1. Take segment 24-45 and flag every residue that is over 23 Å from VAL119 (Cβ atoms) and surrounded by 15 or more Cβ atoms within 10 Å (Cβ to Cβ).
2. Within segment 111-134, count every residue that is over 24 Å from ILE35 (Cβ atoms), surrounded by 20 or more Cβ atoms within 10 Å (Cβ to Cβ) and either out of contact with any Phe, Trp or Tyr (no Cβ under 6 Å at 6 or more places or on another chain) or without any contact (Cβ under 8 Å) to a residue 24 or more places away in the chain (or both).
3. Can you tell me which residue among ILE157, ILE186 is on the phi < 0 side of the Ramachandran plot, at pLDDT below 90 and assigned by TED's automatic domain parsing to the domain that holds VAL80?
4. All but one of (1) within 24 Å of LYS34 (Cβ to Cβ); (2) of a type in the set (Gly, Ala, Ser); (3) crowded, with 18+ Cβ neighbours inside 10 Å hold for GLY108; state the number of the condition that does not hold.
5. Would you confirm, using the coordinates I've provided, whether VAL102 is β-branched (Val, Ile, Thr), modelled with pLDDT under 95, part of a helix (DSSP H, G or I) and crowded, with 17+ Cβ neighbours inside 10 Å?
6. Quick check: is even one residue across segment 86-99 closer than 20 Å to LYS153 by Cα, modelled with pLDDT under 85 and touching a strand residue (DSSP E or B) at 6+ places or on another chain (Cβ under 8 Å)?
7. Is there a residue being assigned by TED's automatic domain parsing to the domain that holds LEU90, more than 21 Å from PRO29 (Cβ to Cβ) and modelled with pLDDT of 90 or more anywhere in segment 144-154?
Amino acid sequence: MEEVQILNAIRRGFGDVDSIHFVTGIVIPCIERKILALANLGLVKKTKSGFALDDTRVDKLEPNQVKKVCSRVSGKKILVVDDEDDIRLLIRWILEKNDMQVLEAVNGKKAMEVLEKDVHHEISCIITDYLMPQVNGLELCQMVRHEFKSLYKIFLITAYLDQERFEKAQCFDAKFMKPLNFDELIQKCKLASA
């Protein structure tokens, strides 16, 4: 578990992101995201030279408790955007069975509101339908790329993707046709959250 590796590196005196990367091999964006989450749990605190453990909290935890607490950090947050309640609920149920945390939005406009509140970058990817009212999936993808660049992986799910729409849909990281191949979707979500 990467959070335990990060805590152990900090415990051994490797308090800055580059040092943690060097001793653990974990990629820097992942370290930064997990340190924020660990700080939110009160296990890590910012110092002048980097990060340090909050010994008063960490030392009270047994090793198995540290893993349990860290597993809350590991839960991947996925934003599912679809105007059809049944589809959204089905995707949520399947992702949650695979230890991922799910947020929902009924269209692209609502999804942008969710993303604007994601100041700690806890969302790793977006799964969006193509045809939706107000702001469709392609418009959402273009807005996210303009506003957030490539911070989020964006996966398109659709039953209607003709050649013209397919060519316009190049901003997506992956495209899935309905009925969905959930094994492939789960794998892509896990890779995006690593």
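1. At the first step, the residues of segment 24-45 found to be over 23 Å from VAL119 (Cβ atoms) are 24-25.
The one that is over 23 Å from VAL119 (Cβ atoms) and surrounded by 15 or more Cβ atoms within 10 Å (Cβ to Cβ): THR24.
2. If we filter segment 111-134 for residues that are over 24 Å from ILE35 (Cβ atoms), which is where we start, we get 111-113, 127-134.
From the residues that got through so far, the ones that are surrounded by 20 or more Cβ atoms within 10 Å (Cβ to Cβ) too are 111, 127-130, 132.
After this cut, where a residue has to be either out of contact with any Phe, Trp or Tyr (no Cβ under 6 Å at 6 or more places or on another chain) or without any contact (Cβ under 8 Å) to a residue 24 or more places away in the chain (or both) as well, the list is 111, 128-130, 132.
Matching residues across segment 111-134 total 5.
3. Details: ILE157 fails: at pLDDT below 90.
Exactly one residue qualifies, and that residue is ILE186.
4. (1)
5. Details: β-branched (Val, Ile, Thr): yes; modelled with pLDDT under 95: yes; part of a helix (DSSP H, G or I): no; crowded, with 17+ Cβ neighbours inside 10 Å: yes.
Considered against the rule, which asks whether it is β-branched (Val, Ile, Thr), modelled with pLDDT under 95, part of a helix (DSSP H, G or I) and crowded, with 17+ Cβ neighbours inside 10 Å, VAL102 comes out as no.
6. For segment 86-99, residues closer than 20 Å to LYS153 by Cα, modelled with pLDDT under 85 and touching a strand residue (DSSP E or B) at 6+ places or on another chain (Cβ under 8 Å): present.
7. no
The values are calculated or read from the model by the stated rules, or taken from the named source; none is laboratory data. Just so you know, these numbers come straight off a predicted model, no measurement behind them. Ideal geometry is used to build each Cβ from the backbone, glycine not excepted, and the neighbour counts take in all protein chains shown.
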